Amino acid sequence: MRKMMSVTTGAMVTLLTASTAVGLLSVSIDTPTVSAAKTKKLKLWVDTSTKPTYVQAVKDFEKANPSVKVTIKYTSSTDALKNLQKDPSAAADVFMFPHDQIGSLASQGLIYQNTKYAKSLKSTQISNAMKGATYKGKVYGYPYGIESQVLYYNKTQLGNDDIKSWTSLTSKGKMGTNLASAGANYIFSPLFYTAGDTLYGANGEKAKGTNIDNKKGVSVLKWMKAQKDNPGVVQASTNTLSLLQSGKISATLSGPWSYNDYKKALGDNLGIAPYPTVDLGSGEKQMQAFLGVKLFGVKQDTKQPLAAMKLAKYLSSDKVQELGFKNSHYIPSSKKVQASQEIQNDALAKAVVDMSKKGYSTPMPKSPAMANFWTSSDALFNDTYKGKISNSQMLPKLTTLVKNASKSVK
């Protein structure tokens, strides 16, 4: 493939330089200190909302590493791939990015392999986070956080037993969903995992690894179609907040990004929990969500690979993840920090941590071909819910979806 073979002569020199430096420098793997003869300059990209966290983190890093100077630039982590594609030479040495971009970054030769700290990260980060940091068997990312959808509900309308299954939840209350509108694919595609199918292979990396055109996949569409006639399911999209506040719905599925709005709407009556179970026709099974892994990466053509890797490793450390939770309220990926009382006593954080476990969520596929899935699946889900697709049409529709979703993306 072109992207994997497009390593420039300059990049090879950089790799040889890094390899030589490993033999000459005495670098501690588990501390942020870097030994060097002259000042090394690094550029760091982070989200604007995380400024308090990383201003302090960089200050601490520079104090421990006086020979390294880090300049922080604020941008959107979701634009990392686009910005690196635009001008790799102007990109930051270390940058934030969502893990679903790792396949494109790696295949296009834009990200430097984590050659020093993969082993230590595997021992400190949850397994699903490391899956998100890995592509084609190689670790590229440095996890610092996770996110997953959770169940938000009104505690005055639903009790602990009511929220355990989709059936009891929609019998005792009303669930607001967006099955009829844009974004249904993000929330409900993981039902294919619940059914026992895969998207882009076991690791989410194979362009032709989607196998949902079978009886299990059809069971997912039949379930979606049945929700239109479920009196406990209410179509909700841009009006979800107002419906929740007015009591017209008693629960909805969303991520940490919705917490502040829902908390303002319901106050102490806001309940947060992992997803319920769901019956797709073969008994109750845990309803799954996509897991998003927040990563730091090092650009391929950095002039300071050792210092850049050291900074990325430090920014994924327990200390900085604790600071990130305190200042920015992102949920940590560290096993130790997840087990802390601060996380366990926080309703949102605890629910996300529970959802990050195997069987509750699966890391969003990393294959670049996932872009094809998004464009093809939303319309199918919307039309299925609206009753526009008959049972006999479901399998052929899924076959077409798989065909479209399997086209390679460069």
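The values are calculated or read from the model by the stated rules, or taken from the named source; none is laboratory data. These numbers were taken from a predicted model, which means no experiment stands behind them. Note that we place each Cβ from the backbone using ideal geometry, even for glycine, and neighbour counts take in every protein chain shown. These area figures cover heavy atoms from the full protein model, side chains too; ligands, DNA and RNA do not enter into them. Shrake-Rupley method; radii C 1.70, N 1.55, O 1.52, S 1.80 Å.
The residue that is farthest from Lys313 (Cα to Cα), among those in segment 125-141 that are of a type in the set (Gly, Ala, Ser) and in a loop (DSSP other than H, G, I, E, B), is Gly137. Against the numbered list (1) at pLDDT 95 or above; (2) under 22 Å from Leu243 (Cβ atoms); (3) open to solvent by 10 Å² or more (accessible area, probe 1.4 Å), Ile126 comes up short only at (2). In segment 241-251, is there at least one residue being in a helix (DSSP H, G or I), open to solvent by 30 Å² or more (accessible area, probe 1.4 Å) and closer than 21 Å to His329 by Cβ? Scanning segment 241-251, I find at least one residue that is in a helix (DSSP H, G or I), open to solvent by 30 Å² or more (accessible area, probe 1.4 Å) and closer than 21 Å to His329 by Cβ, so the answer is yes. Listed by position, the helices (runs of 4 or more DSSP H) inside segment 271-344 whose residues that are surrounded by 22 or more Cβ atoms within 10 Å (Cβ to Cβ), at pLDDT 95 or above and touching a Phe, Trp or Tyr at 6+ places or on another chain (Cβ under 8 Å) number at least 3 are 305-315, 318-328. Every test in (1) out of contact with any Gly (no Cβ under 9 Å at 6 or more places or on another chain); (2) outside any loop (DSSP other than H, G, I, E, B) is passed by Phe192 save one, and that test is (1). With respect to (1) at pLDDT 95 or above; (2) outside any helix (DSSP H, G or I); (3) open to solvent by 20 Å² or more (accessible area, probe 1.4 Å), the lone exception for Thr238 is condition (1). Residue selection: Asp197 fails the criterion of being more than 19 Å from Ala289 (Cα to Cα) and in a loop (DSSP other than H, G, I, E, B).
Let's see how each residue does on (1) under 30 Å from Met370 (Cβ atoms); (2) not hydrophobic (A, V, I, L, M, F, W, C):
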site	(1), (2)
Met175	yes, no
Glu205	yes, yes
Leu221	yes, no
Pro231	no, yes
Leu243	no, no
Asp268	no, yes
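The C-beta contact set for segment 216-229 (first residue within 15 Å of Lys397 (Cβ to Cβ), second residue surrounded by 21 or more Cβ atoms within 10 Å (Cβ to Cβ) and among the small types (Gly, Ala, Ser), distance under 8 angstrom, 6+ apart or interchain) comprises Lys216/Ala195; Gly217/Ala195; Ser219/Ala195; Val220/Ala195. In the set Thr75, Thr115, Thr134, only one residue is open to solvent by 10 Å² or more (accessible area, probe 1.4 Å), touching a strand residue (DSSP E or B) at 6+ places or on another chain (Cβ under 6 Å), at negative phi and of a type in the set (S, T, N, Q); that residue is Thr75. Residue count for segment 78-100 under the criterion of being within 16 Å of Pro143 (Cα to Cα) and open to solvent by less than 20 Å² (accessible area, probe 1.4 Å): the result is 6. Among the residues of segment 371-410, just one is open to solvent by 50 Å² or more (accessible area, probe 1.4 Å) and aromatic (Phe, Trp, Tyr), namely Trp374.
Would a scan of segment 144-152 turn up a residue that is over 14 Å from the mean Cα position of the chain (by Cα) and under 19 Å from Tyr200 (Cβ atoms)? No; the residues of segment 144-152 include none that is over 14 Å from the mean Cα position of the chain (by Cα) and under 19 Å from Tyr200 (Cβ atoms).
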